[in-house]
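Take a look at the structure below.
The values are calculated or read from the model by the stated rules, or taken from the named source; none is laboratory data. Keep in mind the model is a prediction, meaning the values are calculated, not measured. FYI the Cβ positions are ideal-geometry reconstructions off the backbone, even for glycines, and counts take in every protein chain you see.
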């Protein structure tokens with residue numbers, strides 16, 4: 001209903017134009033771009049520090065990390081494949097003996 005309203009369409013178009021101009025002005029400002037780059041860089045560094053601290057804390061509490069669980073899941077999947085293979089071979093041997 002509001003989408004078909006010409007006044008609303010004009011307001012949306014005007015808002016989009018203004019936001020586009022503001023974004024363009026901000027992105028053309030070297031100081032703003034440098035500040036955003038610094039913020040992103042520091043955020044990534046902080047995340048890395050936090051991740052390392054969490055791994056250390058989990059290890060100290062003798063709790064598995066996400067990486068540990070992923071490795072364990074992979075090992076369990078490998079074992080399941082091996083067991084399936086062994087079961088298939090056993091079934092084949094049992095069926096051959098019955099004949």
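General observations
- In segment 33-44, the count of residues that are surrounded by 10 or more Cβ atoms within 10 Å (Cβ to Cβ), at pLDDT 90 or above and either outside any helix (DSSP H, G or I) or in contact with a helix residue (DSSP H, G or I) (Cβ under 7 Å, 6 or more places away or on another chain) (or both) is one or more.
- Residue 77 vs. criteria surrounded by 10 or more Cβ atoms within 10 Å (Cβ to Cβ) and more than 25 Å from the chain's Cα centre (by Cα): no
- Only residues that are surrounded by 10 or more Cβ atoms within 10 Å (Cβ to Cβ) and part of a helix (DSSP H, G or I) were counted across segment 50-66, and they come to 11.
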